[in-house]
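Please treat every number below as a calculation from the coordinates, not as lab data. Just so we're clear, the structure is a prediction, and the values are computed from it rather than from any experiment. Every residue, glycine among them, receives a Cβ derived from its backbone with ideal geometry; neighbour counts consider all protein chains shown.
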Amino acid sequence: MTASTDFIPLSLCVLTVSDSRTPDNDSSGDYLAGALAAAGHRLAGRDLLPDDRYRLRARVSQWIADDAVDGILVTGGTGFTGRDSTPEALRPLLDKEMDGFGELFRAISFGEIGTSTLQSRAFAGLANGTFLFALPGSTSACRTGWEKIIQAQLDARTQPCNLANLKPRLRE
């Protein structure tokens, strides 16, 4: 499928996973919400939850079940500490995993943070026709993920192909 000549705004949700951040100091969630709006997309929902796999699954499941939500950007909970549970919480919800996202994110991150990128368990996939991107909790990691990967793939004008143009065919 080729790129469109017109921008197609998507409805995206932002979820911050953190035991320490609050709405007042959620710089990563603020960055993602601002970046998607600046790109022309709509913020369909936003939440901040502690590292609790069942609460994460419940919230993301609500968004996945909502036909008005095109995608979900998750920040946090992708590391190796005992409380980091985003991959374990959300991967079971995916119909398809987008292996290339995590691989590309870590390859790009290597140029920025070196071998520390080994600690990233960033991933992406598709659930019920909804894109899900899980990024580390740092604002710089969110910036890397958005600016170097996600933004272009959610823009229908990106050549030679993009995820936005696939949206109508995801539930075939």
Sequence-distant residues sharing a close amide H with ALA44 (under 5 Å, placed H): LEU12, CYS13
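Where the only charges are on Cβ atoms (+1 Lys, Arg; -1 Asp, Glu), what is the dipole of the chain about its Cα centre, to the nearest 20 debye?
140
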Please list, in order along segment 136-146, the HN-Hα scalar couplings obtained from phi with the Karplus expression 6.51 cos²θ - 1.76 cosθ + 1.60 (θ = phi - 60°), rounded to whole Hz, x for Gly and Pro. x, x, 6, 5, 5, 5, 5, 4, 4, x, 5
Could you give each residue of segment 60-74 its phi-based ³J(HN,Hα) in whole Hz, using Karplus coefficients 6.51, -1.76, 1.60 with θ = phi - 60°, and x for Gly or Pro? 5, 4, 4, 5, 4, 6, 8, 4, 7, 9, 8, x, 10, 10, 10
Looking only at GLY40, GLY111, GLY76, which one moves most when the chain is put into a Gaussian network model with springs between Cα atoms under 10 Å? GLY111
Fraction in percent of alpha-carbon pairs per bin - 10 Å, segment 40-102: 18, 53, 27, 2
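Where does segment 1-88 land on the Kirkwood hydrodynamic radius, alpha-carbon pairs, in angstrom?
On the way: mean 1/r = 0.0719 Å⁻¹.
Here the Kirkwood hydrodynamic radius works out to 13.9 Å.
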Tell me, in nm to one decimal, what length is gained between THR5 and ARG53 on full extension, where the rule is 0.36 nm per residue of separation less the Cα-Cα distance? 13.3 nm
Principal-axis tilt of helix 27-38 within the chain, Cα atoms, nearest 10 degrees: 10
List, in order, the whole-Hz ³J(HN,Hα) value for each residue of segment 75-82 obtained from phi through the Karplus relation with A = 6.51, B = -1.76, C = 1.60 and θ = phi - 60°; use x for Gly and Pro. 10, x, x, 9, x, 10, 5, x
Highest GNM mean-square fluctuation among ALA65, ALA33, ALA44, for the chain with Cα springs under 10 Å, belongs to ALA65
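Using 1/(1 + (r/R0)^6) with R0 = 30 angstrom and r between the beta carbons of ASP19 and LEU43, what's the FRET efficiency to the nearest 0.05? It would help to have the intermediate numbers written out before the result.
Details: r = 24 Å, r/R0 = 0.79.
After rounding, the FRET efficiency stands at 0.80.
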Just order 163-172, 134-143 by mean Cβ neighbour count inside 10 Å, highest at the front, would you? 134-143, 163-172
Using the Cα atoms of segment 98-154, I'd like the radius of gyration and the largest Cα-Cα distance, Dmax, both in angstrom. 10.9, 35
At R0 = 30 Å, FRET efficiency that the Cβ-Cβ distance of GLU147 and ARG91 yields, to 0.05: 0.75
Please find, in a Gaussian network model of the chain (springs between Cα atoms separated by less than 10 Å), the residue of ASP95, ASP24, ASP51 whose mean-square fluctuation is greatest. ASP24
Within segment 129-167, backbone nitrogen closer than 13 Å to the virtual label 7 Å beyond the Cα of ALA65 toward Cβ: none
Rounded to the angstrom and largest first, Cα extents along the principal axes for the chain equal 44, 36, 30
